[in-house]
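Student: Would you mind keeping the following structure in view while I ask a few things?
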Amino acid sequence: MVRVPLTDDERERGERLGQALRTARAGRSMVDVAAEAGISVETLRKIETGRIPTPAFFTVTAIADAVGLPLDELRAAVEPAAAPSLSQAS
């Protein structure tokens with residue numbers, strides 16, 4: 001199976017996701033957050049640096065829970081300001 005290359009927008013969104021999670025982690029260590037989220041430190045590092053720009057939903061929710069970041073706030077931090085919300089799109 002061939003994976004379609006990511007667009008520039010997808011890569012940028014991945015970088016914003018990583019920045020938001022890194023900011024929410026604040027002074028906590030990557031080891032502590034990764035253990036609480038049930039993922040490897042390397043996976044957390046790759047997400048925070050944007051090297052995994054499209055992580056699995058359940059991985060993102062586990063990290064957000066571990067750092068106490070509500071998903072609504074995470075979504076607001078990741079999506080560009082001009083993007084319509086799902087409720088506005090329907």
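The values are calculated or read from the model by the stated rules, or taken from the named source; none is laboratory data. Everything quoted here is computed from the prediction, not taken from an experiment. Glycine also receives a Cβ, built like all others from the backbone with ideal geometry; neighbour counts cover every protein chain displayed. Keep in mind that these areas ignore ligands, DNA and RNA; they rest on the heavy atoms of the full protein, side chains included. Shrake-Rupley method; radii C 1.70, N 1.55, O 1.52, S 1.80 Å.
Student: Which condition breaks for ASP32 when tested against (1) of a type in the set (Asp, Glu); (2) at pLDDT 90 or above; (3) under 15 Å from the mean Cα position of the chain (by Cα)?
Tutor: Answer for ASP32: the failing condition is (3).
Student: Quick one: GLY18 ticks every box in (1) open to solvent by 50 Å² or more (accessible area, probe 1.4 Å); (2) closer than 18 Å to GLY68 by Cα; (3) free of Cβ contacts under 8 Å to residues at least 40 places away in the same chain except a single one, so which number is it?
Tutor: The one condition GLY18 does not meet is (1).
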